[in-house]
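So the structure is just underneath, and the comments pick up after that.
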Amino acid sequence: MSKEIHIPVLARVEGEGALHLKIIDNKISSLKLQIYEPPRMFEKFLEKREPNEVIDAVARICGICPVAYQMSAVQAIEQIFEMDPGPWVREMRRLFYCGEWMESHGIHIHMLAAPDFLGYASVIEMAKDYPDIVKRGMRLHALGMELLSLLGKRSVHPVGACVGGFFYAPKLKEIKHLLTRFKENMALAEDLVKWSLSLSFPDHSQHFTSVSLHHPNEYPMNEGRIVSDGGLDIDKNEFEEYFQESQVPYSTALHCRLQGNTYLVGPLARINLNYNLLPDPIKHLVEKTTIQFPSNNMFHSIIARCIEVYYSMIEAVRIMEDYRYPEQPFIPIKQKSGIGFGCTEAPRGLLWHRYAFDSDGLVKSSRIVPPTSQNQGRIEEDLRHGLESYGLEHSDEALRHQGEMIIRNYDPCISCSTHFLKINVDRS
Amino acid sequence: MKLEASFKVGVVGVGSPFGADNVGQRVIALLKQSSKSKAFKIEYFDRPGMHLLDYVKNFNALHLVDAIISEKPVGTIHRYEGIEVLQESNQQLSSHGFGVAEVLLLGEALECLPKEIIIHGIEIDKESLKNTISNTINNVCETLAKKIEMELLQYQT
């Protein structure tokens, strides 16, 4: 049996992509994850920008993960300028990231992924039968957005972060108010993890390499070395020596390889590499089930995201309980020329930036490697393995649905990866 | 006669602030200029997503203003009671594609919408989304703002 399947628009993924599948004699002879959103050109138009213009601009790469872009950028720029903003800024940046993980994962879990697991075509259909699940997701998402607004002054494309810290420090009463709301809603996050652990998961085990940041003392968000379960352990400055991007003719998003091989970034990779750094209340929930980490089943990604929402709430409470109003929420910039690197954990995985600044304090060049680009090769491998295991004799519609579910495990942000699913199946 | 304090009426304009999709923002700005509208909660949101549900859930009546593209002539004023008119879109949604219609349909599924919803729209030309709002559409915005104001005053009689 041979045929060609083309899915022109992938459903329930962020941005627009397509899948082209060629099947010959019941084997996949060609599989292409086509990203056709136009190139964003951010790396080019950041040139000649001042440092804080970069922070404002990169927030606009994504409406869902702006904090990640800002945090990777400030890290790189502050490295060039040899700036250390101090412990208050460090904690506030971590708090900022907690908000982003909550809102980004919250949207993905409830609007994009949950319908798959509960057998619905959309969250709207699902909401009629499972209103409490959707409402829980909306409350957690809203809390995340409040945290973003607190530090970023608005939740979409925040403007509060700057090189050296934040333009404004939240007032103590604002922190206390949000802290109370977080504590009141902590049970929702615990329920979310329990719910995810109760779902049914297909046996989708496969071999892959997980890559994430690792910090000796904390679950990684803003800092750490880049590690893998294949023995990689490098500084962010060494990224380009090990990871190579390349163009493929059918995608406007670059592919990335680790020493020639595909790899996974994102929540499942983070948990696979940092499970022991999670708080005991979270680990106890997992240990009551048969689910184990590290896991090589991509369908467990939804559990990983739910865990990270719960973790973000616990961590946010910790930071807010210790909050003190600072003398100054940022340190002044002392511009220098040079090259700097930033690497933080966006909701979807490792986000790496490189900037070169000239002696006038303006960007000479920039390079941004988003997590979705890094996952593209892995997604294609997974699709090949997953669809062949599922059975290529299924109808085109069934293959489309299965393909979309596999892709959704990665929560791709296609708009970010271009600086859903139209499937073409060619069977012959 | 004053509007009962317990009966909350909201007017929400939505849509991009750019191009002809700006009619929501324009109509809200006109309503806010009028002293007669002060008893009502009048706000504009640029593509609010799910935040719209949080905002409207405590209203008893909601008037929503947006640009509409259908088969009608440009400048047509649309008025719909309830959300039945909203087509259930493909619903294969990403949050990037989760627009006002999808948010309202989700709100209906969750039973958290105001009891009364009126959708006001101005027909725009799809091609003009990229361009600044035309004089014709500007004039229609003024007409619609006056119509909405008259409807709001009905709550006070």
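Considering only residues of the stretch A:140-150 that are more than 9 Å from chain B (Cβ to nearest Cβ) and surrounded by fewer than 22 Cβ atoms within 10 Å (Cβ to Cβ), which is farthest from residue A:102 (Cα to Cα)?
Among them, the one singled out is A:149.
Note down all Cβ pairs under 9 Å where the first residue falls in the stretch A:198-213 and is more than 21 Å from residue A:387 (Cβ to Cβ), the second is charged (D, E, K, R) and assigned to a strand (DSSP E or B), and they're at least six residues apart or on different chains.
A:212/A:345; A:213/A:225; A:213/A:345
Could you please find all residues in the stretch A:319-344 being more than 30 Å from residue A:360 (Cα to Cα) and either of a type in the set (Ser, Thr, Tyr) or assigned to a strand (DSSP E or B) (or both)?
Those that are more than 30 Å from residue A:360 (Cα to Cα) and either of a type in the set (Ser, Thr, Tyr) or assigned to a strand (DSSP E or B) (or both): A:323, A:325.
Just to check your reading of the model, which residue among A:346, A:269, A:253 is buried (at least 24 other Cβ atoms within 10 Å of the Cβ) and at pLDDT below 95?
Exactly one residue qualifies, and that residue is A:253.
Just one of A:427, A:384, A:354 is more than 18 Å from the chain's Cα centre (by Cα), surrounded by fewer than 20 Cβ atoms within 10 Å (Cβ to Cβ) and at pLDDT 90 or above; which is it?
Of the residues listed, the single one that is more than 18 Å from the chain's Cα centre (by Cα), surrounded by fewer than 20 Cβ atoms within 10 Å (Cβ to Cβ) and at pLDDT 90 or above is A:384.
Is it true that residue B:53 is over 16 Å from residue B:15 (Cβ atoms) and either in a strand (DSSP E or B) or touching a helix residue (DSSP H, G or I) at 6+ places or on another chain (Cβ under 7 Å) (or both)?
yes
Taking interchain pairs and intrachain pairs at least six residues apart, which have beta carbon atoms under 7 angstrom, with the first residue in the stretch A:99-118 and within 14 Å of chain B (Cβ to nearest Cβ) and the second of a type in the set (Lys, Arg)?
Sorted first by the residue in the stretch A:99-118, then by its partner, the pairs are A:105/A:305; A:108/A:305; A:109/A:305; A:112/A:12; A:112/A:408; A:113/A:408; A:116/A:408.
State all residues of the stretch B:108-124 that are hydrophobic (A, V, I, L, M, F, W, C) and away from every other protein chain (no Cβ under 14 Å); if no residue qualifies, say none.
Within the stretch B:108-124, B:117, B:118, B:119, B:122, B:124 meet the criteria.
Checking the conditions here, which among A:328, A:402 is out of contact with any Pro (no Cβ under 7 Å at 6 or more places or on another chain) and at pLDDT 95 or above? Step through it out loud before you land on a result.
Details: A:402 fails: at pLDDT 95 or above.
Going through A:328, A:402 in turn, the sole match is A:328.
So that you can scan it fast, the table gives a plain yes or no per residue for (1) among the β-branched types (Val, Ile, Thr); (2) farther than 30 Å from residue A:59 by Cβ:
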residue: A:363; (1), (2): yes, no
residue: A:366; (1), (2): no, no
residue: A:372; (1), (2): yes, no
residue: A:381; (1), (2): no, yes
residue: A:395; (1), (2): no, yes
residue: A:406; (1), (2): yes, yes
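Can you pull out every residue in the stretch A:207-260 that is among the polar types (S, T, N, Q) and on the phi > 0 side of the Ramachandran plot?
A:259
Sort out for me the helices (runs of 4 or more DSSP H) sitting completely within the stretch A:33-131 that have 1 or more residues that are crowded, with 20+ Cβ neighbours inside 10 Å.
Result: A:51-58, A:66-80, A:87-107, A:114-118, A:123-129.
Please verify whether the stretch A:114-127 includes one or more residues that are modelled with pLDDT of 95 or more, among the charged types (D, E, K, R) and more than 19 Å from the chain's Cα centre (by Cα).
Checked against the condition, which is being modelled with pLDDT of 95 or more, among the charged types (D, E, K, R) and more than 19 Å from the chain's Cα centre (by Cα), the stretch A:114-127 yields no hits at all.
How about the stretch B:48-80: which of its residues are under 16 Å from residue B:107 (Cβ atoms) and of a type in the set (D, E, K, R)?
B:54, B:57, B:66
Could you give every pair whose Cβ atoms fall below 9 Å, whose first residue belongs to the stretch B:39-65 and is more than 11 Å from chain A (Cβ to nearest Cβ) and over 19 Å from residue B:83 (Cα atoms), and whose second residue is crowded, with 17+ Cβ neighbours inside 10 Å and of a type in the set (S, T, N, Q), counting only separations of at least 6 or pairs across chains?
That search, which allows pairs on different chains as well, returns B:44/B:25.
Cβ-Cβ distance below 7 Å, separation of 6 or more or different chains: which pairs start in the stretch A:16-32 with a residue that is closer than 21 Å to residue A:411 by Cα and surrounded by 15 or more Cβ atoms within 10 Å (Cβ to Cβ) and end on one that is β-branched (Val, Ile, Thr) and modelled with pLDDT of 90 or more?
A:21/A:28
The values are calculated or read from the model by the stated rules, or taken from the named source; none is laboratory data. Quick caveat: nothing in here was measured; it's all calculated off a predicted structure. Cβ sites come from the backbone with ideal geometry, for glycine too, and all protein chains shown count toward neighbours.
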